[in-house]
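I am attaching a structure below and will ask some questions about it afterwards.
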Amino acid sequence: MTVGRPAWARWSGPVQAVLCTAAAMGGALLYGRFFADTGFLAPLSAAALTGSATAALAGLLRWGPYRTLLLATAGFVLLAGFGVLRGTLEHGLPTRQTAVELARGVFGGWTRMLAVAPPADVRAELLVTPVLLTWAAAFGATTLALRTRSVFAPVVPALVAFVAALLFVGRRPGIQTTAAAVFLVAAFSLVLVRTAAAAGQPRRVTTSRLGFGGPVVVVVALLGVLGGLVLPLASDDQRFDPRAVMSPPVRVTDAITPLARLKSQLREEPPRRLFTVRFAGDARVDRIRVAALDEFDGVTWTQSDRYLVAGHHLPVDPALTRSRTVSARITVEGLDGPFLPAVGWPVRLDNTADVGFSSASGVLLTTRAALDGFTYTVAGEVADRDAGLAGAAPSTAPEHRDHASLSGRPSPVLTAAARQLTATEPTPYGKLVAIERYLRGLPYQLDVPPGHSYAALTTMLRGSGEGYAEQRASAFAVLARALGFPARVAVGYRLPDSGAGAHAVTTREAHAWAEVHFAGYGWVAFEPTGTRSGAPSPAQDPAAAPQPQDPLAVPPSIADRSEVAARQPDRGVPVPRGVALGALAVAVLALLLATSVLTAKAVRRRRRRRTGGTATRVLGAWREATDRLLERGVPVSAALTATEVAERATGALRVAAAPVVRLAPLATAAVYAPEEPDEHAVEEAWELEFRLRRELYPRRFLPRRLAAGLDPRPLLAGWREARRTRRNDWGKR
């Protein structure tokens, strides 16, 4: 009897090479979160295709490891030189610069990638490392697929490249569902094809296994993608970003907080011209931010940002979903660095020379020593204070938790004032507007002593209330944080309310204000400072201008600090999300157990069919048959003879037990016959085992058949028998 082989087995090698290419492309697609556009796809696709093709060629020629490694190196060098570093070629030929850039990319490209703020521009020096990883993944996976018998080995190179791509992407928001789906489908399909090809089973068995495994691959890929959408470890705030532990490539050398310079700028006579801003079209804003201060130790507001090399495209605040784009052309004249003027949250920048960007605060800075004449166009997302803010909620994301609490020991006057001013307001936005109105109604006075510490703010609120933007902005941020809202102090310049498209900004417009982070709006500006004349300054709040108010001469009773903590928004995991996480964890655990059972059975079946002499392989078919009986609930024991097992099977299964009846004499002969059975007996035994499964489960996708495949009892029985045998062998020594 000849065992039939499926026609596709002749194409198993090419099919595996294609799947290896697809798995490598899954990791390559992740770089869509790193680069600003799709220009990376062409070189990375070429790396995956040529890497697999080169490995297939080396396998076809049966080259040894040294020549294969040499071919892999040469292939990558050619691809990188002519496909990535084309700008270094002269007359179509590589130059010394090509070799230098290639060496820098191979040995230092990863540091360049971790030094930029994604989304990065598609540049040759940033492409070398992704091309190298994709090439190595495709070449290594295809080589292992064509030259080894290990089922899982070819998946490892693609998996390593996939994880490396995740590290380069870092905490970029969003889930790459396409990349994850492509990788998972390709990887599990590769395992399925290799398992079926290595089993050496009849055509019907192989076809049945592929038919069953295909839907399993789809389900596993779907669960993997859903896990990426739900599991907290897959969210951007939980991912590990190597940039967080590396020394920042752009450093702030100015030790003086920009807020401390505010008074000196306002007192300059005559006012000094700092920069000119020209808006594109009819878009306008009333202020230009220079710095954002998010850390307060009770004495001084400072910034804690890490700055990366800025590209033409800058990462946007993921909370900004209700915003408008404003573009401005800025020419710096007398402004001192290192911070650069920006509109809203910058998202595009045309001049990136010596410019750094903080993706945490949206602040630009430069390392230039002289800024006179430095010109750039910046486009920013601006969130206006509209009617929707009345129902908006302040952000509770983990990255803003430190912005919603006070460090040190704030004065009880401040926390009590925050509660008193907002006691009648039911919404977060209403509470913030109440604080804004009160502070803006206090008398403006530039001649008060500088400083914005807890003590200075307490004196202002309990005394005359006089102060200027430094105290007002700091007071608003402190009172907002006392209520649990994420707040910071912004330093910049307030633009005059004119219809002109160009503004010459001077030191007279120096200003500070407060910002609170809202879901959907990002950092929203609040204006707690009136003008020098005492009239309220123009504000974006649609409410009427406030009237001057008396300072808080006597603080209200101080509530217990636990009450303040109770007012802070709950940042725990919501119950529905927790239930979803628990359900997903159970589903993943069940999937892992099911996969382990299926894999263990497949490996044991393959070992029984292909290892040992002919008698051992006949007994392997018999043990597989008894496993099927156990799955159907037929009691089988090692103490029973083959004939007794056949009798029990006939009593329980009737006609379906016919293959067991015919297989029992073959198993008995394999144990007691003086001569080994021939290959024909081996083929017949395994054919009978296959017929038994067909009799037990005539339909391919019968639910009972799926349950039998997941039944762990045959594995447990085998392990118990093996343990008993080892004990008996040990006792005989």
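Outside any strand (DSSP E or B) and surrounded by fewer than 20 Cβ atoms within 10 Å (Cβ to Cβ): does that describe Ser264?
Considered against the rule, which asks whether it is outside any strand (DSSP E or B) and surrounded by fewer than 20 Cβ atoms within 10 Å (Cβ to Cβ), Ser264 comes out as yes.
Please go through segment 136-167 and pick out each residue that is modelled with pLDDT under 90 and of a type in the set (Phe, Trp, Tyr).
Matches in segment 136-167: Phe152 only.
While we're on this one: How about segment 360-391: which of its residues are polar (S, T, N, Q) and touching a Phe, Trp or Tyr at 6+ places or on another chain (Cβ under 9 Å)?
Ser361, Thr366
Could you tell me whether Ala722 is assigned by TED's automatic domain parsing to the domain that holds Arg607 and at pLDDT below 80?
Criteria met by Ala722.
Okay, next question. Residues Asp386, Asp297, Asp336: which one is within 25 Å of Arg472 (Cα to Cα), without any contact (Cβ under 8 Å) to a residue 40 or more places away in the chain and more than 30 Å from the chain's Cα centre (by Cα)?
Asp336 is the lone residue from the list that is within 25 Å of Arg472 (Cα to Cα), without any contact (Cβ under 8 Å) to a residue 40 or more places away in the chain and more than 30 Å from the chain's Cα centre (by Cα).
Let me ask something else. Between Arg287, Arg273, which is within 28 Å of Leu457 (Cβ to Cβ), more than 30 Å from the chain's Cα centre (by Cα) and at pLDDT 90 or above?
Of the residues listed, the single one that is within 28 Å of Leu457 (Cβ to Cβ), more than 30 Å from the chain's Cα centre (by Cα) and at pLDDT 90 or above is Arg287.
With the checklist (1) surrounded by fewer than 16 Cβ atoms within 10 Å (Cβ to Cβ); (2) at pLDDT below 90 in hand, flag the one item Ser359 doesn't pass.
(1)
Checking the structure you have, find out if any residue of segment 391-398 is of a type in the set (Ser, Thr, Tyr), farther than 22 Å from Tyr429 by Cβ and surrounded by 20 or more Cβ atoms within 10 Å (Cβ to Cβ).
No, that holds for no residue.
A further question on this structure: If you take the residues in segment 77-133 that are assigned to a helix (DSSP H, G or I) and either at positive phi or polar (S, T, N, Q) (or both), which one is surrounded by the most Cβ atoms within 10 Å (Cβ to Cβ)?
Per the stated criteria, the residue is Thr129.
Can you find, within segment 402-431, the residue that is farthest from Val347 (Cα to Cα) among those that are of a type in the set (D, E, K, R) and surrounded by 14 or more Cβ atoms within 10 Å (Cβ to Cβ)?
So the residue we want is Arg419.
Next question, about the same structure. Condition (residue is within 28 Å of Leu308 (Cβ to Cβ) and in contact (Cβ under 8 Å) with a residue 24 or more places away in the chain) applied to segment 52-60: is it met by at least one residue?
no
All but one of (1) more than 27 Å from Val151 (Cα to Cα); (2) crowded, with 18+ Cβ neighbours inside 10 Å; (3) in contact with a Gly (Cβ under 9 Å, 6 or more places away or on another chain) hold for Ala652; which doesn't?
The single condition Ala652 does not satisfy is (2).
Kindly indicate whether Leu70 is surrounded by fewer than 18 Cβ atoms within 10 Å (Cβ to Cβ) and over 23 Å from Arg104 (Cβ atoms).
Here the answer is no, as Leu70 does not meet what is asked.
May I pose another question? Check Ala55, Ala120, Ala80 and return the single one that is among the hydrophobic types (A, V, I, L, M, F, W, C), modelled with pLDDT under 90 and touching a helix residue (DSSP H, G or I) at 6+ places or on another chain (Cβ under 8 Å).
Answer to the check: Ala120.
Could you check how many residues of segment 319-328 are of a type outside the set (A, V, I, L, M, F, W, C) and either crowded, with 20+ Cβ neighbours inside 10 Å or within 17 Å of Val516 (Cβ to Cβ) (or both)?
3
Kindly establish whether Gly337 is in the same structural domain as Leu457 (by TED's automatic domain parsing), over 30 Å from Leu457 (Cβ atoms) and out of contact with any helix residue (DSSP H, G or I) (no Cβ under 7 Å at 6 or more places or on another chain).
The answer is no for Gly337.
The values are calculated or read from the model by the stated rules, or taken from the named source; none is laboratory data. This structure is a prediction, so every number in the text was calculated from the model and none was measured. Using ideal geometry, Cβ is built from the backbone for each residue, glycine included, and neighbour counts are taken over all protein chains shown.
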